[in-house]
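Participant: Following this message is one structure expressed as structure tokens.
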Amino acid sequence: MKVRTAIPSGIRACAPVAIALALTACATRTPLLPADYAGPTAVLKDSAAMFSMSKADMYYASSINGIEVDNVRFATRSASEGRGPLMLLQKVERRIPATPVKVQVVARTVYAMPIMAMTSTVYQVKGEVDFTPEPGKNYVVRGKLGPAYSAVWIEEEASSALVGSKIEVNGSAELGFFDK
């Protein structure tokens, strides 16, 4: 009898913690541009190179002017949940102000399942790119990942012209086991 009453009271004690955790998981990101923003804008797109249904190299913006933004890595992970070794690559783009910006860019090898990343090679390079987008233009985060050279950069989509600086690693950009 005491066991029966102890279990429900234990569940009741954990309920507020469970609710708080559930609400935290639903938190949204701070919008990069307010809904009523009327200033000039450009578009910044993420990109990826798919090698199989389970593996891709992704090139994306992780934050702009210090504000975390949705990106291809997390959109793909969310769309691929529950699909085992099948990755559903997502396209991600966002409006950005046509004013000087600081963009945290990342190039990273991504697998459909975390266990695949733990047992495989993962390359990553990241850094900050400063540039001033021109109103109405489209920009793309591009990159290259490999055993001897890795890089990530932003280019103007129509001309493929580099904007800002290229973040490069000469040599291995392979992540260690605990960094994956």
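The values are calculated or read from the model by the stated rules, or taken from the named source; none is laboratory data. Values in this document were obtained by computation on a predicted structure and should not be read as measured data. Here Cβ is always computed from backbone atoms with ideal geometry, including for glycine, and neighbour counts include all displayed protein chains. Side chains included, ligands, DNA and RNA excluded: accessible areas come from the protein's heavy atoms. Shrake-Rupley method; radii C 1.70, N 1.55, O 1.52, S 1.80 Å.
Participant: Figure the gain on full extension for Ala98 and Ala148 (residue separation times 0.36 nm, minus the Cα-Cα span) and round it to one decimal in nm.
Facilitator: Values: separation 50, 0.36 × 50 = 18.00 nm, distance 3.53 nm.
So the chain would gain 14.5 nm between Ala98 and Ala148.
Participant: The range 26-125: which chymotrypsin sites (Phe, Trp or Tyr not before Pro) are DSSP loop and have at most 14 other beta-carbon atoms within 10 angstrom?
Facilitator: Details: sites: Tyr37, Phe51, Tyr59, Tyr60, Phe74, Tyr111, Tyr123; in loops: Tyr37, Phe51.
Taking the range 26-125 and a limit of 14 other Cβ atoms within 10 Å, the loop chymotrypsin sites (Phe, Trp or Tyr not before Pro) found are Tyr37, Phe51.
Participant: Something else about it: Of Lys102/Lys180; Lys45/Lys137; Lys55/Lys126; Lys126/Lys180; Lys102/Lys166, which ones are farther than 21 Å apart at the Cα? Mind dumping the intermediate values first?
Facilitator: Working: Lys102/Lys180 25 Å; Lys45/Lys137 11 Å; Lys55/Lys126 19 Å; Lys126/Lys180 14 Å; Lys102/Lys166 13 Å.
The answer is Lys102/Lys180.
Participant: Continuing with this model, one more query. Karplus couplings for the range 36-51 from phi (6.51 cos²θ - 1.76 cosθ + 1.60, θ = phi - 60°), rounded to Hz, Gly and Pro as x?
Facilitator: With the stated coefficients, the range 36-51 comes to 9, 5, 10, x, x, 9, 10, 10, 10, 10, 8, 9, 7, 10, 8, 9 Hz.
Participant: Further question: Might you tell me the accessible area per residue for the range 68-180, computed with a 1.4 Å probe and given in Å²?
Facilitator: Here the per-residue accessible area is 53 Å².
Participant: Enumerate the amide H contacts of Gln90 below 5 Å, restricted to partners 5 or more residues apart or on another chain; note that Pro and chain-start residues carry no placed amide H.
Facilitator: Thr76
Participant: Counting only other residues whose beta carbon sits under 14 Å from that of Leu86, what net charge do I get with K and R as +1, D and E as -1? Could the numbers behind the result be given before it?
Facilitator: Values: positive: Lys55, Arg77, Arg83; negative: Glu81.
That works out to +2.
Participant: Pop out the carbon and sulfur fraction of the accessible area of the range 53-180 as a percent, whole number, probe 1.4 Å.
Facilitator: Working: 3390 of 6520 Å².
About 52 percent, which is the carbon plus sulfur part of the accessible surface.
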